[in-house]
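The values are calculated or read from the model by the stated rules, or taken from the named source; none is laboratory data. Keep in mind the model is a prediction, meaning the values are calculated, not measured. Cβ sites come from the backbone with ideal geometry, for glycine too, and all protein chains shown count toward neighbours. In case anyone asks, the SASA skips ligands and DNA or RNA and just uses the protein heavy atoms, side chains included. Shrake-Rupley method; radii C 1.70, N 1.55, O 1.52, S 1.80 Å.
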Amino acid sequence: MSQASKLALLKEMLDSAQSNINSAKQVISELIGTKDKNLFVKLAKEIEPSSSSESEEDKIVEGAFDGQNMIDKNGKTYPVPANYASKSKLIPGDILKLTIKEDGSFLYKQIGPVERKNVIGTLTYEDGQYKVIASGKAYKVLLASVTYFKAEVGDNVTLVIPELEDSEWGAIENVLPKDANDIILE
């Protein structure tokens, strides 16, 4: 492995570690300040229990996605893998079912997507967090989405956000081609 590729790998590892630290800080702030968390607890309480064919040893938990985690009806937080959230384009308010297998593994499934809308915005990076500035607001996005789409600061992206609820988070739908900048009107 060349020195340049080792440096690139090291930078990616440090960026990932910083993202994990930021995620941990976010969880701490959510636990301390429960204002936003209460919305997701309320959503989780409205979920009708789904019938399932999992074995009796598996534990089923349903809850609402808050942008990074799933919050169940009791307010308990379950980590959602960033790659799954990015690939599935989860946004706050989406209803998830978590199967905790007998061996302790977690299996998430989206069972109730919230109504969505798309907006176009510009990718930025500030305070250790990627954000998309769209419609006069900054929406946080997951690092996994940024790296999956190979997005760079300054790129125009299509962002999926909840249609009815105000949200801090969005999901990157796509990165617009650089030559498309001329046709995008803000």
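Annotations for the structure displayed:
- The criterion of being at pLDDT 70 or above, assigned to a strand (DSSP E or B) and under 25 Å from GLU173 (Cα atoms) does not hold for MET13.
- Breaking point among (1) within 22 Å of THR77 (Cβ to Cβ); (2) under 15 Å from the mean Cα position of the chain (by Cα); (3) outside any strand (DSSP E or B), for VAL146: (1)
- Check on GLU126, modelled with pLDDT under 95, under 24 Å from ALA17 (Cα atoms) and touching a strand residue (DSSP E or B) at 6+ places or on another chain (Cβ under 9 Å): yes
- When residues of the stretch 55-82 are limited to those that are assigned to a loop (DSSP other than H, G, I, E, B) and among the polar types (S, T, N, Q), the one most open to solvent (accessible area, probe 1.4 Å): ASN74
- Scanning the stretch 83-110 for residues that are open to solvent by 70 Å² or more (accessible area, probe 1.4 Å) and either of a type in the set (Val, Ile, Thr) or free of Cβ contacts under 8 Å to residues at least 60 places away in the same chain (or both) yields a count of 6.
- Residue match in the stretch 51-63 (condition: closer than 20 Å to LEU142 by Cβ and modelled with pLDDT of 90 or more): yes
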